[in-house]
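Novice: Quick one: structure below, then a few questions.
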Amino acid sequence: MGQQIINDLNNVTIGGSYAGGNIVTNNYYVRQTEESVQAGKDDKTVFLSYNWHDGETADRIDKYLSRISGITVKRDVRDIGAWKSIREFMKSIRDQDYAVLIVSDLYLRSKNCMFEVTEMMKEREYADRIFPAVVETGIYDPLVRAGYISYWQQECDKLEIVIKGLDPANTVELAADLKRYKSIASSIGEYLSMVADRNNPDIQDVEVQIEKAILKS
């Protein structure tokens, strides 16, 4: 059951939830007037990239930044319409001014989260447009970073073995998945080294630091 909100226009109770995979995440709805939509055209847009297990942290950052004039947060639970492509939404991370990446263990093991990372890394000077919110502090240890590289190499190997056992005519989409896995495996080392090299704010204060950085730019 999703989080319940009172619609102040009709005084009726509504509920909403966004389901993906085997996770259900609370959703909330924001009523916008035509004037607010028009004013938001010049906002700085921020893509919120996270694993749904970190929904509480994502909610906190989302609600904090969404209250700030001049900032619009793009988030899956709000911006993927019914029956719309999840992958196309994930690709849109490149179109936003900034991206907040909630870097947890499950985030780094998620093909969808890491797909968003690899999409962002296609942009020149992508490092200047991301704000890592580090939950998994083990990434500062090179041995831990090596473990994530190993994990994705193993995922590539497992999928490749399965594909080899199938008729090639039936594996076009799986081959595309394997290509994405290999892109993650080849990129994650660079990504983690870049994040680990930064003076990342404490996760409990990160939204305040993100606000300062965006408004300063």
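The values are calculated or read from the model by the stated rules, or taken from the named source; none is laboratory data. In this text the structure is predicted, and so the values were computed from the model without any measurement. Glycine also receives a Cβ, built like all others from the backbone with ideal geometry; neighbour counts cover every protein chain displayed. Heavy atoms of the whole protein, side chains included, go into the accessibility calculation; ligands, DNA and RNA do not. Shrake-Rupley method; radii C 1.70, N 1.55, O 1.52, S 1.80 Å.
Yes/no per residue for (1) at pLDDT below 95; (2) over 19 Å from the mean Cα position of the chain (by Cα); (3) over 30 Å from residue 211 (Cβ atoms); (4) assigned to a helix (DSSP H, G or I):
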position	(1), (2), (3), (4)
113	no, no, no, yes
119	no, no, no, yes
123	no, no, no, no
139	no, no, no, yes
147	no, yes, yes, yes
159	no, yes, yes, yes
162	no, yes, yes, yes
178	no, yes, yes, yes
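Novice: Okay, next question. (1) open to solvent by less than 40 Å² (accessible area, probe 1.4 Å); (2) not in a helix (DSSP H, G or I): which one isn't true of residue 214, the others all being true?
Specialist: Tallying (1) open to solvent by less than 40 Å² (accessible area, probe 1.4 Å); (2) not in a helix (DSSP H, G or I), residue 214 fails exactly one: (2).
Novice: Among the candidates 71, 130, single out the residue that is free of Cβ contacts under 8 Å to residues at least 40 places away in the same chain and β-branched (Val, Ile, Thr).
Specialist: 130
Novice: Something else: Given the conditions (1) of a type in the set (Lys, Arg); (2) open to solvent by less than 90 Å² (accessible area, probe 1.4 Å); (3) farther than 27 Å from residue 96 by Cβ, and given that residue 129 satisfies all but one, which numbered condition is not satisfied?
Specialist: If we test residue 129 against (1) of a type in the set (Lys, Arg); (2) open to solvent by less than 90 Å² (accessible area, probe 1.4 Å); (3) farther than 27 Å from residue 96 by Cβ, just (3) comes out false.
Novice: Oh, and also: Say we look at segment 72-89 and pick out the residues that are of a type in the set (Val, Ile, Thr) and part of a strand (DSSP E or B); which of these is nearest to residue 49 (Cα to Cα)?
Specialist: Within segment 72-89, the match that is nearest to residue 49 (Cα to Cα) is 73.
Novice: Further question: Consider residue 117 carefully, then state whether it is in contact with a strand residue (DSSP E or B) (Cβ under 8 Å, 6 or more places away or on another chain), closer than 28 Å to residue 59 by Cα and open to solvent by 10 Å² or more (accessible area, probe 1.4 Å).
Specialist: When the stated conditions are applied, residue 117 does not pass them.
Novice: Follow-up. Got at least one residue in segment 54-70 being part of a loop (DSSP other than H, G, I, E, B), among the basic types (Lys, Arg), open to solvent by 40 Å² or more (accessible area, probe 1.4 Å) and more than 29 Å from residue 154 (Cα to Cα)?
Specialist: Checking segment 54-70: at least one residue is part of a loop (DSSP other than H, G, I, E, B), among the basic types (Lys, Arg), open to solvent by 40 Å² or more (accessible area, probe 1.4 Å) and more than 29 Å from residue 154 (Cα to Cα).
Novice: Can you find even one residue in segment 135-144 that is within 28 Å of residue 88 (Cβ to Cβ) and in contact (Cβ under 8 Å) with a residue 40 or more places away in the chain?
Specialist: Yes.
Novice: Also, I was wondering about something else. Report whether or not residue 98 is among the aromatic types (Phe, Trp, Tyr), farther than 21 Å from residue 182 by Cα and buried (at least 16 other Cβ atoms within 10 Å of the Cβ).
Specialist: Considered against the rule, which asks whether it is among the aromatic types (Phe, Trp, Tyr), farther than 21 Å from residue 182 by Cα and buried (at least 16 other Cβ atoms within 10 Å of the Cβ), residue 98 comes out as yes.
Novice: Within segment 190-198, does at least one residue satisfy the condition of being farther than 30 Å from residue 68 by Cα and touching a Phe, Trp or Tyr at 6+ places or on another chain (Cβ under 6 Å)? Spell out how you get there, then give the answer.
Specialist: So the first thing to find is which residues in segment 190-198 are farther than 30 Å from residue 68 by Cα, and the list is 190, 193.
Narrowing further to those that are touching a Phe, Trp or Tyr at 6+ places or on another chain (Cβ under 6 Å): none.
Within segment 190-198, none of the residues are farther than 30 Å from residue 68 by Cα and touching a Phe, Trp or Tyr at 6+ places or on another chain (Cβ under 6 Å).
Novice: State yes or no: is residue 135 of a type in the set (A, V, I, L, M), closer than 30 Å to residue 45 by Cβ, open to solvent by 50 Å² or more (accessible area, probe 1.4 Å) and modelled with pLDDT of 95 or more? Give the derivation first.
Specialist: Numbers: of a type in the set (A, V, I, L, M): yes; closer than 30 Å to residue 45 by Cβ: yes; open to solvent by 50 Å² or more (accessible area, probe 1.4 Å): yes; modelled with pLDDT of 95 or more: yes.
Yes; evaluated as a whole, the condition is true for this residue.
Novice: Report yes if some residue within segment 87-94 is surrounded by 17 or more Cβ atoms within 10 Å (Cβ to Cβ) and touching a strand residue (DSSP E or B) at 6+ places or on another chain (Cβ under 7 Å); otherwise report no.
Specialist: There is at least one residue in segment 87-94 that is surrounded by 17 or more Cβ atoms within 10 Å (Cβ to Cβ) and touching a strand residue (DSSP E or B) at 6+ places or on another chain (Cβ under 7 Å).
Novice: Identify all residues within segment 80-122 that are in contact with a Lys or Arg (Cβ under 8 Å, 6 or more places away or on another chain), acidic (Asp, Glu) and within 14 Å of residue 185 (Cα to Cα); write none if there are none.
Specialist: Across segment 80-122, the qualifying residue is only 119.
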